[in-house]
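Here's the structure, in structure tokens; my notes come after.
The values are calculated or read from the model by the stated rules, or taken from the named source; none is laboratory data. Keep in mind that what you see is a predicted model, and the values were worked out from it rather than measured. In this analysis, Cβ positions are derived from the backbone assuming ideal geometry, glycine residues included, and neighbour counts consider all displayed protein chains. For accessibility, only protein heavy atoms count, side chains too; no ligands or nucleic acids. Shrake-Rupley method; radii C 1.70, N 1.55, O 1.52, S 1.80 Å.
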Amino acid sequence: MILTIIAERLTNSLAERSLGALQWKSNSDFTRPYYQILYRATMNIRQIEAFRAIMISGSASRAAESMGITQPAVSRLVSELEKTIGFPLFDRTRGRLEPTPQCRLFYTDVERTFVGLEVLKHTASQIRERGPGIVRIANMPGIGLPIVSRAVTAFRQMHPEVSVAAQLMSTAEVWTAVATGQVDIGVAPKETDIVGIEYQPFSGDAAMCAMSPRHRLASKDVITPADLHEVEYVAHTPAARLRRALADLMEAEGYKFNVIAESPMCMTLLSIISAGVGVGLVNPMSVEGLGNIDLVLRPFRPVMPCNFFLGYRADSRQSRFVRSMATCLLDARPQTAAYPRSDQSSGGTRSARMAAAGSREDRDTGDGQVLGLSSSR
């Protein structure tokens, strides 16, 4: 049933898009817009599978091997598909299959639909194993693992009948999972606005410079762009807003931005830095829960915001469980003036100190050490 729906969905999708410039020609010189033909035919799912297998593997022989059928059978399925949709998918020259421009447009919809199928399989599996009561969340590790732990604990106390599925993902993966319905709630930086996701602010800490206590910059109270000139830097991925903002700032002031390693995961980034390799700007919230990690944080000037957002799909009515989990996540933020928690009895003390250490006006230990976390603590 699901496979039939996929075939019908692809047919209707292409028909509605129409792409009027594309034309279909038969040997009889009969020409008409291909979308007129699509309305009269329904693709066979086996044909679509054969086409997708060729696009993934790169040849009909490898596609046949992956599908467990013969190469002539794959070629026949693709030929039948071309007759059904009304335009050529491949240029056949010297025994090779070269995708046509129409083919690449078609494959975009095919792949999108198969991703939707994987989501359906995942959802069905969760319902089968856990029942309908489940809330799914995804977050970038940068928000601090204890925050999620506190939120899940508080949620389970209120809703013991509901399961929670929590996943760690990169920023891009978080918002993709939210947009495609694989998770109910995401927490991560917002690199770009994605249509269909409703965002609300989660945190707005100032970035701090992380380094090993043995690094030469550890003796400074405040780090500036001049201090980072040609210094080995461990960065987030190029798409990260914080990295782009720092790179632009360094370039504008004539300093060399010397990236020697990068990672989309804050835990990996901080582990590299704690081993003595370079420095990096991080959200101070990300350090909470990493245990006796051997690093120190120093304020960075000018202030570089680390804005995290909580997001969910705007086109679906959120259940009371999803809304409850969103509240628990907001309440689980570090206990600071910026993020007051309704439950003041739980943890978060150390993270509160880190979040408040962003400026000399907020906190001064009196000994020049604005913040230090090391194995000796």
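Taking the numbered list (1) of a type outside the set (D, E, K, R); (2) in contact with a helix residue (DSSP H, G or I) (Cβ under 9 Å, 6 or more places away or on another chain); (3) surrounded by fewer than 17 Cβ atoms within 10 Å (Cβ to Cβ); (4) modelled with pLDDT of 85 or more in turn, THR192 passes all entries but (4). Going residue by residue through region 51-61, is there one that turns out to be open to solvent by 30 Å² or more (accessible area, probe 1.4 Å) and more than 17 Å from GLU111 (Cβ to Cβ)? The answer is yes, given that some residue of region 51-61 is open to solvent by 30 Å² or more (accessible area, probe 1.4 Å) and more than 17 Å from GLU111 (Cβ to Cβ). For THR176, state whether it is open to solvent by 10 Å² or more (accessible area, probe 1.4 Å) and at pLDDT 85 or above. So THR176 fits the description; yes.
Among residues of region 293-311 being of a type outside the set (A, V, I, L, M, F, W, C) and modelled with pLDDT under 90, the one that is nearest to TRP175 (Cα to Cα) is ASN307.
Give the residue, chosen from LEU120, LEU105, LEU81, LEU77, that is open to solvent by 40 Å² or more (accessible area, probe 1.4 Å), in a helix (DSSP H, G or I), of a type outside the set (Lys, Arg) and at pLDDT 85 or above. It would help to see each step written out before you state the result.
Values: LEU120 fails: at pLDDT 85 or above; LEU81 fails: open to solvent by 40 Å² or more (accessible area, probe 1.4 Å); LEU77 fails: open to solvent by 40 Å² or more (accessible area, probe 1.4 Å).
Just a single option satisfies the conditions, and that option is LEU105.
Annotation: of all residues in region 145-169 being part of a loop (DSSP other than H, G, I, E, B) and open to solvent by 20 Å² or more (accessible area, probe 1.4 Å), the one that is nearest to MET285 (Cα to Cα) is MET169. Just one of the numbered conditions (1) within 19 Å of ALA218 (Cα to Cα); (2) modelled with pLDDT under 50; (3) part of a loop (DSSP other than H, G, I, E, B); (4) not hydrophobic (A, V, I, L, M, F, W, C) is not true of SER346: (1).
For region 260-278, enumerate the residues that are more than 15 Å from THR237 (Cα to Cα) and surrounded by fewer than 24 Cβ atoms within 10 Å (Cβ to Cβ).
Taking region 260-278 first, the residues more than 15 Å from THR237 (Cα to Cα) are 271, 273-278.
If the condition is that a residue be more than 15 Å from THR237 (Cα to Cα) and surrounded by fewer than 24 Cβ atoms within 10 Å (Cβ to Cβ), then SER271, SER274, ALA275, GLY276, VAL277, GLY278 are the ones that fit.
Of the residues making up region 160-213, those that are under 13 Å from the mean Cα position of the chain (by Cα) and without any contact (Cβ under 8 Å) to a residue 12 or more places away in the chain are THR176, THR192, ASP193. Please tell me if ALA352 is at pLDDT below 85, within 20 Å of VAL187 (Cα to Cα), hydrophobic (A, V, I, L, M, F, W, C) and more than 26 Å from the chain's Cα centre (by Cα). Yes.
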